[in-house]
Every structure is written in structure tokens, then in C-alpha cells.
Amino acid sequence: MPRSGAEARRRLQQAALELYRERGFDRTTTAEIAARAGLNERTFFRHFPDKREVLFDGESGLRAALTQAVADAPDGLQPLDLLLHAFRKVEHILEGNRPFAEPRLRVIAETPALRERDLAKAASMAEAVAEALRRRGVADRLAGLAAQTGWAAFHHAAQAWIDDSSQSLDAHLLQAFDDLRALSPTAPAGDCAR
């Protein structure tokens, strides 16, 4: 049995997801995850710092790809269009992980500690995106708002894609950003009631 490398990591993730779905997150131990994967607990901790992170693996890769996509986006795009462009560039990461993503979201939704971790990870991702926008010259205040709003739209599209696989993630992403624009179709900046 592999003790290190991508295969061991994948086996640990799959074992954890199976156990979390069968027994619940709180009633599953790292030793049980390792045993289900055919590995020992030390191998588990070589790959993951705790049993929560099994479900959040890949975040750093997504962050790096997303911030690079923001940096590489064509000049002249408004912040939300820039983000849509970047999200479309990284959607293949989610598409390739769909068999894991769907049950993962269910486990997170059922577990308060995981929902808390998911919110913290989302905030961290939005801040990384905001910083990438700032480096593109977007004003600080607008960069933060655009990143949080854009990340929410991306998350909304990903959930819609999990719920309705008859359309691609790209179609759901385009729809989410169209819906976002429809929220304020004609109000010029500064016209909102204070």
C-alpha cells in the first residue's frame, strides 16, 4: 500500500469522506480514516494536519490559480468582469473534482465545525482575490467588495452546478454573474439612498 504521495492522499480523502457520510464527522477518528485507507495514522498526519483539512485540500492550489488568473486577465475589464474571467479560467479544478465535491458539500452542511472552517476558508480566499485585484489597480474599497461579491457568486454557481448537473459549471457561473448584474441594472454609482 502506498504510504506517501498523491495516491495515499487520495485514499485518505476518500476514506474520510466515506466515514464522515456513514458515521458523521464528529464520530470519526483519524486512526479510523487511516485504517479505512489501508494506511497508518502517522501517514495521515504527514498529509493533513487534522481531520477537517481532508475536506479542504486543494485550497492553496485553487488560490494560486485564481490569483494568477486575475493577474493574467486582459486589461480594461471592470472588477466583476475581471473576476468572471478568472473564475472561468479555474473552473476546471472543480469540474475535475466533482465526485468528491458533491458529497463533501453535504458533509460540510451537516457539521457546524466544518461550516465554520468553510467560512474561514472562504474569507481567506476572498481576501487573496481582493489583493490580486488591488495589484491590478482596483481601489482598495472596491477590490474588497468585488472579491467578496464575486466569491459569493462563484460559490453560488458551484452549488447550483452540484444541485443541477444538466448544465456545466461554466453555464451556472455565467448565470450567477448575470443575476448579480441584474440586482442593480440601472442605478449609477452614488445614486443609492443613504
Options 70, 54: the member that is more than 20 Å from residue 159 (Cβ to Cβ), at pLDDT below 95 and either among the charged types (D, E, K, R) or in a helix (DSSP H, G or I) (or both): 54
Spans of helices (runs of 4 or more DSSP H) in segment 97-194 with at least 2 residues open to solvent by 80 Å² or more (accessible area, probe 1.4 Å) and either over 28 Å from residue 53 (Cα atoms) or in contact (Cβ under 8 Å) with a residue 40 or more places away in the chain (or both): 98-110, 140-163, 169-182
Filter result (crowded, with 16+ Cβ neighbours inside 10 Å and closer than 14 Å to residue 56 by Cα) within segment 76-96: 94
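The values are calculated or read from the model by the stated rules, or taken from the named source; none is laboratory data. Model, not experiment: these values are computed from the prediction. Neighbour counts are summed over all protein chains in view; Cβ atoms, including those assigned to glycine, are modelled from backbone coordinates with ideal geometry. Note: areas computed on protein heavy atoms with side chains; ligands, DNA, RNA excluded. Shrake-Rupley method; radii C 1.70, N 1.55, O 1.52, S 1.80 Å.
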